[in-house]
């Protein structure tokens, strides 16, 4: 594609030298009396020809304030306008592009003027097309009888041929064909008062004038288009396949910027942080491993070697530990804690919920107190110690502190804090993590997650952390099968649960809500269903556990279930993390379509922890393809990493992790569900950049 701007060769840039700084020097459409800014990327749109104060306000509603914003304003989609479909060839329910001349138009009001419909009738010589806009009477201002109009949409019916709320564009003259017709045309997001044709014309001028002067933030590789060409292809491609080529090139720049920021942050931190040696002596580790009722897997042993190397290094450890449900992360965390305690340091373990903190407290006391280690619990409802400081005149005890957000309180001040472990890291904000780290002098950090993270998200969220993966489950466990059933099979499922209970097993029954308030039709809740299950499963004992219970009631219900005093626990997602009852072999999840894929995988991870075969039964009357696809994935695989990849593709990263806490970047072009190769390429470029920081 030829540009109206004079040619110019951008200067050579080292990949680290200037990532996202554009240097524009051509100002054909800039008001000449205004001095050129130091960074033309920041040039206000008001300095462009044809953009007055009113237009500038309209563009600002689209987030377009500068030339740089315009250049990276991504079209919502593109239309191939090389060929039109005559009106007579339009098909019901099939989106298509057509063109006609307005032969009639008008607004009809009804419901005493409270509602209206604006309609235009187009004729192309083959047939007529009715286009309607409901309750938008102002649309009449944009059309006139005799106008030639492009229309894109799906016909609702063919007799007469009718499209509601189509995308339209008035063709003023045939000279506009170069930009608006007979080519692949960008369709931009709009706001009221901004016609598609006007913003497309503005982008054409800006792209043609400025894109040839966009310097390369990084050297191009064989087969890779330049950034300038990518911007032209993004807006005005010559072929449809150029759109994806442009997206990938611009996504790579986003990922490079993201990875560079992470690595710079890590290098800056390493430059000022000197670690406390915490590699340990095996004085406590050896008897601990001898007392365990099981042997560590090869994967756990490999991860422990990585952790020990970090704990003995010059810089504090910053490591993410991943593992599927039931892979044995807790015992690895215990071993890491022992290494620090052997080195004379205290350890803090932070959990997202009271239930998980209580369980860890019980497990670690059982494991570590025989070794002479004090284990303390600090939650909002329970504290086994008031402070982390030793009593005057007494030697400081070797201590492990387990807690929830209570560990962030000012009065928690452990002496000589050497290691911090955070479980379910994605449920805490970055600020909370940093606040806990300030409790010590550059303590080591181990963050864990039982939610397998796809590699793209791992590199994006935790690119400044080293990653260890436990990719092997302990031996000796029974098979875990997942069954998808319709809601009308519930009586048979209840009978199956009775059979399992009669064999001495236990069961979970999970619902999406606590009570019946504001429930959609067909959605069940814990409070009502608990009583029904007590009647259906008598004489077996049924209890309830949910987030609205008081802390003591939660502890009592969980303790009774662990002791098999309750055979069935009716609950919500409050149990999705960390609850470990090996005798539980059945989980029934009703209204399974109400849960996310990763969430369902976490829930079923509460069973399958003992030697007996386990069954997860998903009851659903899913009426959407997406919901059915989610349940199908669970039935086909128990691999949490495959489940997470599928969930990422189905729902996107914000839904997978929870957007409020996830810390996800706002990417215009990068797609964390499918751009792993680009992300790894960006990481390699940044590594090369950091290894040779001087421009050549």
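Go through 368, 398 for me and flag whichever is under 30 Å from residue 312 (Cβ atoms), modelled with pLDDT of 90 or more, crowded, with 17+ Cβ neighbours inside 10 Å and not assigned by TED's automatic domain parsing to the domain that holds residue 606.
Just one listed residue meets the conditions, 368.
Just a yes or no: is a residue in segment 619-630 within 21 Å of residue 499 (Cα to Cα), in contact (Cβ under 8 Å) with a residue 12 or more places away in the chain and either loosely packed, with under 14 Cβ neighbours inside 10 Å or over 20 Å from the mean Cα position of the chain (by Cα) (or both)?
Yes.
If residue 94 meets every condition in (1) over 25 Å from residue 200 (Cα atoms); (2) modelled with pLDDT of 95 or more apart from one, which number is that one?
Of everything listed in (1) over 25 Å from residue 200 (Cα atoms); (2) modelled with pLDDT of 95 or more, residue 94 misses just condition (2).
From 455, 441, 485, which residue is in contact (Cβ under 8 Å) with a residue 24 or more places away in the chain and assigned by TED's automatic domain parsing to the domain that holds residue 609?
Only one candidate qualifies: 485.
When only residues in segment 58-74 that are without any contact (Cβ under 8 Å) to a residue 24 or more places away in the chain and more than 14 Å from residue 200 (Cα to Cα) count, which is surrounded by the fewest Cβ atoms within 10 Å (Cβ to Cβ)?
63
Of the residues that make up segment 215-229, is at least one touching a strand residue (DSSP E or B) at 6+ places or on another chain (Cβ under 8 Å) and surrounded by fewer than 18 Cβ atoms within 10 Å (Cβ to Cβ)?
Checking segment 215-229: not a single residue is touching a strand residue (DSSP E or B) at 6+ places or on another chain (Cβ under 8 Å) and surrounded by fewer than 18 Cβ atoms within 10 Å (Cβ to Cβ).
Can you find, within segment 252-263, the residue that is surrounded by the most Cβ atoms within 10 Å (Cβ to Cβ) among those that are touching a residue at least 24 places away in the same chain (Cβ under 8 Å) and out of contact with any helix residue (DSSP H, G or I) (no Cβ under 7 Å at 6 or more places or on another chain)?
Filtering first and then ranking leaves 254.
Regarding residue 579, is this residue outside any helix (DSSP H, G or I), touching a strand residue (DSSP E or B) at 6+ places or on another chain (Cβ under 9 Å) and at pLDDT 90 or above?
Criteria not met by residue 579.
Hey, any hits in segment 506-519 for a residue that's modelled with pLDDT under 90, surrounded by fewer than 19 Cβ atoms within 10 Å (Cβ to Cβ), closer than 21 Å to residue 602 by Cα and in contact with a helix residue (DSSP H, G or I) (Cβ under 8 Å, 6 or more places away or on another chain)?
yes
Return the total of residues in segment 46-65 being assigned to a loop (DSSP other than H, G, I, E, B) and either in contact with a strand residue (DSSP E or B) (Cβ under 7 Å, 6 or more places away or on another chain) or more than 17 Å from residue 210 (Cα to Cα) (or both).
Counting residues in segment 46-65 that are assigned to a loop (DSSP other than H, G, I, E, B) and either in contact with a strand residue (DSSP E or B) (Cβ under 7 Å, 6 or more places away or on another chain) or more than 17 Å from residue 210 (Cα to Cα) (or both) gives 4.
Condition first: in contact with a helix residue (DSSP H, G or I) (Cβ under 7 Å, 6 or more places away or on another chain) and buried (at least 19 other Cβ atoms within 10 Å of the Cβ). Now tell me which residues in segment 576-589 satisfy that.
576, 577, 578, 579, 581, 585, 586, 587, 588, 589
Evaluate segment 597-604: report whether one residue or more is over 24 Å from residue 509 (Cβ atoms), over 19 Å from the mean Cα position of the chain (by Cα) and either at pLDDT 80 or above or assigned by TED's automatic domain parsing to the domain that holds residue 562 (or both).
No, that holds for no residue.
With the structure loaded, tell me whether residue 564 is part of a loop (DSSP other than H, G, I, E, B) and over 19 Å from residue 493 (Cα atoms) or whether it fails that test.
yes
Just give me the residues in segment 418-436 being more than 28 Å from residue 326 (Cβ to Cβ) and buried (at least 20 other Cβ atoms within 10 Å of the Cβ), in sequence order.
If the condition is that a residue be more than 28 Å from residue 326 (Cβ to Cβ) and buried (at least 20 other Cβ atoms within 10 Å of the Cβ), then 418 is the only one that fits.
So which pairs qualify, if the first residue must be in segment 413-424 and without any contact (Cβ under 8 Å) to a residue 40 or more places away in the chain, the second must be assigned to a loop (DSSP other than H, G, I, E, B), the Cβ gap must be under 9 Å, and the two must be at least 6 apart or on different chains?
413/387; 413/388; 413/389; 413/439
Hey, can you tell me all the residues within segment 275-291 that are exposed (fewer than 12 other Cβ atoms within 10 Å of the Cβ) and at pLDDT below 90?
none
Looking at residue 163, is it buried (at least 17 other Cβ atoms within 10 Å of the Cβ) and assigned to a strand (DSSP E or B)?
yes
Based on what the data block shows, is residue 132 modelled with pLDDT of 90 or more, in a helix (DSSP H, G or I) and more than 17 Å from residue 101 (Cβ to Cβ)?
No.
Rundown of residues vs (1) surrounded by fewer than 18 Cβ atoms within 10 Å (Cβ to Cβ); (2) farther than 30 Å from residue 231 by Cα, yes/no style:
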position: 89; (1), (2): yes, yes
position: 94; (1), (2): yes, yes
position: 102; (1), (2): no, yes
position: 110; (1), (2): yes, yes
position: 128; (1), (2): yes, yes
position: 144; (1), (2): yes, yes
position: 151; (1), (2): no, no
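Restricting attention to segment 523-560, which residues are outside any loop (DSSP other than H, G, I, E, B), in contact with a strand residue (DSSP E or B) (Cβ under 8 Å, 6 or more places away or on another chain) and either within 22 Å of residue 618 (Cα to Cα) or not assigned by TED's automatic domain parsing to the domain that holds residue 498 (or both)?
525, 526, 527, 529, 530, 533, 534, 537, 542, 543, 544, 545
What are the residues in segment 334-362 that are in contact (Cβ under 8 Å) with a residue 60 or more places away in the chain and within 20 Å of residue 575 (Cβ to Cβ), if any?
Across segment 334-362, the qualifying residues are 349, 350, 351, 352, 353, 354, 355, 356, 358, 359, 360.
The values are calculated or read from the model by the stated rules, or taken from the named source; none is laboratory data. Everything quoted here is computed from the prediction, not taken from an experiment. When we count neighbours, we look across all protein chains shown, and the Cβ atoms used for this are built from the backbone with ideal geometry, even at glycine.
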